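The values are calculated or read from the model by the stated rules, or taken from the named source; none is laboratory data. Bear in mind the structure is a predicted one, so any value in this text is a computation, not a measurement. Note that we place each Cβ from the backbone using ideal geometry, even for glycine, and neighbour counts take in every protein chain shown.
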Amino acid sequence: MIPKKSTYADDKKVLRVVSINVNGLRASEKKGLFDWLATSDADVVCMQETRINPEQWTDKFKPTGWHTHLFPAQKAGYAGTAIYSRLPIKSVKTGLGFDIADTQGRFICATFDFGIGIDVNIASLYLPSGSSGDDAQARKDVFLQEYAKILKQWRDDNQSMIICGDYNIVHKRIDIKNWSGNQKASGCLPHERAWLDHIYDELGYIDSFRAVRDEPFLYSWWSNRGQARAKNVGWRIDYHVCTPDWQDKIVGAWVYKDAWFSDHAPVVVDYRLSID
């Protein structure tokens, strides 16, 4: 069970951030996504694979009390990201400055002033999949190369970041049920996992979930084939990746599986805005 924020001694200083690949916002809405968000205590929600065009993004996808921002792909019904926030947003940036990210709506970032002395950037990232073949994997690898440069620049600039999203990569054996059988599969390739090593070990980013949860079998995506969900044959490919200033402020992390809105489960992380 995910506790209510009211269980914290000072819940006003706790920021609850949710990441979910919705696998089509219209489909997830019909499965009750917004009903759950209304009761989730979420402050900021980062969505990926929204697959909705601006003309389809009607009021029923913009619930009362939420600030909503969509970054759609140029191709209809494809990719796309969004950020929903109950808290005021200072500014919003879309894109990363290279083609595959910007034409496919794969990155949207909201900047917040939480009164902690530095602006906080919370982003939704949808990293490409390479599972459809060699060309797709090559495009994914280009994305990884370009994005790593940007991640380094944010660290050099001392940005405060929480980058949520579907990274389409597992990190370690603990993050996938069938480790041995997927060593040649996109998402578990050695060079992809080494890329995650680089951003954690060399650039200094933090895997928020693993900072407080080290148990096995905590996955966030399951194939629709072969009863994978029922058998918990999953992959942990949905992340909160934060800069080191958040490491000591992570107070809880969960995968929500009481209801299903997608083939991905929401990943929920609570951050304390003050450690005093």
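Descriptive notes on the structure:
- If you go through region 145-198 and keep only what is touching a residue at least 60 places away in the same chain (Cβ under 8 Å) and either hydroxyl-bearing (Ser, Thr, Tyr) or on the phi > 0 side of the Ramachandran plot (or both), you end up with Ser160, Gly165, Tyr167, Asn168.
- Among the criteria (1) under 20 Å from the mean Cα position of the chain (by Cα); (2) not in a helix (DSSP H, G or I), the one Ser28 does not fulfil is (2).
Each row is one residue, and each column tells you yes or no for (1) in contact with a helix residue (DSSP H, G or I) (Cβ under 7 Å, 6 or more places away or on another chain); (2) small (Gly, Ala, Ser); (3) within 20 Å of Pro244 (Cα to Cα).
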{"site": "Ser131", "(1), (2), (3)": "no, yes, no"}
{"site": "Ala138", "(1), (2), (3)": "no, yes, no"}
{"site": "Asp141", "(1), (2), (3)": "no, no, no"}
{"site": "Ile150", "(1), (2), (3)": "no, no, yes"}
{"site": "Asp156", "(1), (2), (3)": "no, no, yes"}
{"site": "Met161", "(1), (2), (3)": "yes, no, yes"}
{"site": "Lys172", "(1), (2), (3)": "no, no, no"}
{"site": "Asn182", "(1), (2), (3)": "no, no, no"}
{"site": "Trp195", "(1), (2), (3)": "yes, no, yes"}
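- Within the set Ile2, Ile52, Ile89, the sole residue that is in contact with a helix residue (DSSP H, G or I) (Cβ under 9 Å, 6 or more places away or on another chain) and of a type outside the set (Phe, Trp, Tyr) turns out to be Ile52.
- Subset of region 47-97 [in a strand (DSSP E or B), touching a Leu at 6+ places or on another chain (Cβ under 8 Å) and crowded, with 16+ Cβ neighbours inside 10 Å]: Met47, Gln48, Thr81, Ala82, Tyr84
- The single residue among Asp135, Asp102 that is under 20 Å from the mean Cα position of the chain (by Cα), farther than 15 Å from Cys46 by Cβ and outside any loop (DSSP other than H, G, I, E, B) turns out to be Asp102.
- Whenever a residue of region 103-128 is under 17 Å from Cys242 (Cβ atoms), its partners that are among the acidic types (Asp, Glu), lying with C-beta atoms within less than 8 angstrom and at least six residues away or across chains, give the pairs Thr111/Asp119; Phe112/Asp119; Ile118/Asp245; Asp119/Asp113; Val120/Asp113; Leu125/Asp166; Leu127/Asp166.
- Leading residue by the ranking (surrounded by the fewest Cβ atoms within 10 Å (Cβ to Cβ)) among those in region 31-42 that are part of a helix (DSSP H, G or I) and in contact (Cβ under 8 Å) with a residue 60 or more places away in the chain: Trp36
- Remark: Lys140 matches the filter, which requires a residue to be buried (at least 17 other Cβ atoms within 10 Å of the Cβ), charged (D, E, K, R) and assigned to a helix (DSSP H, G or I).
- Flag for Val45 being under 20 Å from Asp258 (Cα atoms) and touching a residue at least 24 places away in the same chain (Cβ under 8 Å): yes
- Matching entry among Ala148, Ala73, Ala42, Ala101 (being of a type outside the set (Val, Ile, Thr) and either at pLDDT below 95 or under 30 Å from Met1 (Cβ atoms) (or both)): Ala42
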